[in-house]
Each structure stands twice: as structure tokens, then as C-alpha cells.
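See structure below.
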Amino acid sequence: MTRTGWAETTARNLLKAPLPRRWAHTQGVAATARTLAGILGDDADLLISAAWLHDIGYSPALAATGFHPLDGARYLRDTEHAGELLCRLVAHHSCAINGAADLASDLLTEFPPPPGHLADALTYCDMTTGPDGQTMTIDQRIAEIITRYGPGHLVSRAITTSAPDLTAAVSRVAHLLSAQPVTQSTR
Ligand SMILES: [Fe+2]
């Protein structure tokens, strides 16, 4: 099985039945990841796999600390024996450190932050995909998260803290996408 096929199957097994809305979001994030293949080159396969797996930490089958980036990354490392960079991408997806609270040092010690261009790409996929898998702007996505959790919630506070970095990451990726040469069709 390919890595992306394994990642999709793993995510489906963990999310589809208990968390169908999270599964719909995950499918949308993976679909967006596929659109970045042209700017990621050899990293495209890794990024698509990370997109499938980024939210598995929400699955009741593996949730331990309740902080889904860390729970997901630990599951990938300890149970799936996934590659180090894939685990680091899941651990730090979408500026996770800003919501880590007491688990921040565990997160950083166990999973060093991934390279910036890959973190940007995963942020782009996650933060331009809504909770049902629909495409959204970064501003719509941030507003949606705050509305869904409520303004006082830890997640809402974390996303507010992260908003400038998330927005900058999405802008960098959008710029790279817009700079891609347009493929000419030939007759
Ligand atoms: Fe997500």
C-alpha cells in the first residue's frame, strides 16, 4: 500500500464512524493537499499523508491527553511507527503550539517543529477547509472556529493568537500557487 493510501485508510478507520463531520473535513483537507502537488515536488506525498492524518487525535480510540495534535502524533509514532517528519507535521499542524498550554514542552521535546514550507502547506490545507470539507477563506475559517467553539474557549483563544501566523502561512502558499506556470494545453 502507498503511504497516502495507508494514511487515508488509517484516518477513515479512526474518524469516519465516531466523528463523521471530522471525517468530512479531513477528506476536504486531503483534497486541498492534492492541489499543492505542483509546488511541493517530492514532498507532495508526505503532505497529502499529513493532511489525511492531521486530526486523528480527535478519535475516541486514541485520545489520551485531550490535545489532539499531540495525541495524534504519539499514536502515529508509537502505534503506527510512522516517519518522523510525518509525526512532526501532525504534532504542529496549524500552529498547534499556541493551544498546547501545559503540554507545550512535551510537544516541543517529543516533536521538533517541521520545516516551515511544509508547515505552511499543511496550514493552508487545514485553514482553507471548513468543518464539512468545504473551501473557505482563512478569515472565514478563523471566524467559523471561534463561532463553533465560543469566544471564551481555549481553542478560540488559541486560534486568535495564531491568526496572524496562520494568515501569513496561507498567503505564502497562495503566492506560490499563483506563481506556478500555467500548463498550456496542446492541440
Ligand atoms: Fe483540521
I'm checking my understanding of the structure. Among residues of the range 26-39 that are open to solvent by less than 20 Å² (accessible area, probe 1.4 Å) and more than 11 Å from the ligand (Cβ to nearest atom), which one is farthest from VAL155 (Cα to Cα)?
LEU36
I'm trying to understand the selection: among the residues of the range 11-37, which are over 18 Å from VAL173 (Cβ atoms), among the aliphatic types (A, V, I, L, M) and part of a helix (DSSP H, G or I)?
ALA11, LEU14, LEU15, ALA24
In the range 157-173, the residues that are open to solvent by less than 80 Å² (accessible area, probe 1.4 Å), touching a residue at least 40 places away in the same chain (Cβ under 8 Å) and within 14 Å of ALA121 (Cβ to Cβ)
LEU166, ALA169, VAL170, VAL173
Could you tell me which residue of the range 96-119 is farthest from the ligand (Cβ to nearest atom), considering only residues that are surrounded by 21 or more Cβ atoms within 10 Å (Cβ to Cβ) and within 22 Å of ALA143 (Cβ to Cβ)?
GLY99
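Does SER59 satisfy being polar (S, T, N, Q) and within 14 Å of the ligand (Cβ to nearest atom)?
Details: polar (S, T, N, Q): yes; within 14 Å of the ligand (Cβ to nearest atom): yes.
Yes: the conditions hold for SER59.
Under 15 Å from the mean Cα position of the chain (by Cα) and open to solvent by 60 Å² or more (accessible area, probe 1.4 Å): which single residue out of THR147, THR129, THR135 fits that description? Steps first, please.
Details: THR147 fails: under 15 Å from the mean Cα position of the chain (by Cα); THR129 fails: open to solvent by 60 Å² or more (accessible area, probe 1.4 Å).
That would be THR135, the only listed residue that is under 15 Å from the mean Cα position of the chain (by Cα) and open to solvent by 60 Å² or more (accessible area, probe 1.4 Å).
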If LEU177 satisfies all but one of (1) farther than 19 Å from VAL29 by Cα; (2) in contact (Cβ under 8 Å) with a residue 60 or more places away in the chain, what's the number of the condition it fails?
(1)
Suppose the filter is more than 11 Å from the ligand (Cβ to nearest atom), at pLDDT 95 or above and either within 13 Å of the chain's Cα centre (by Cα) or aliphatic (A, V, I, L, M) (or both); does LEU53 pass it?
no
Take the residues in the range 62-95 that are among the β-branched types (Val, Ile, Thr) and away from the ligand (no atom under 12 Å from the Cβ), then tell me which one is most open to solvent (accessible area, probe 1.4 Å).
THR79
Pick from the range 48-92, criterion in a helix (DSSP H, G or I) and of a type in the set (Phe, Trp, Tyr), ranking: nearest to CYS125 (Cα to Cα):
TRP52
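The values are calculated or read from the model by the stated rules, or taken from the named source; none is laboratory data. These numbers were taken from a predicted model, which means no experiment stands behind them. With ideal geometry, Cβ positions are generated from the backbone for all residues, glycine too; neighbour counts draw on all protein chains shown. For accessibility, only protein heavy atoms count, side chains too; no ligands or nucleic acids. Shrake-Rupley method; radii C 1.70, N 1.55, O 1.52, S 1.80 Å.
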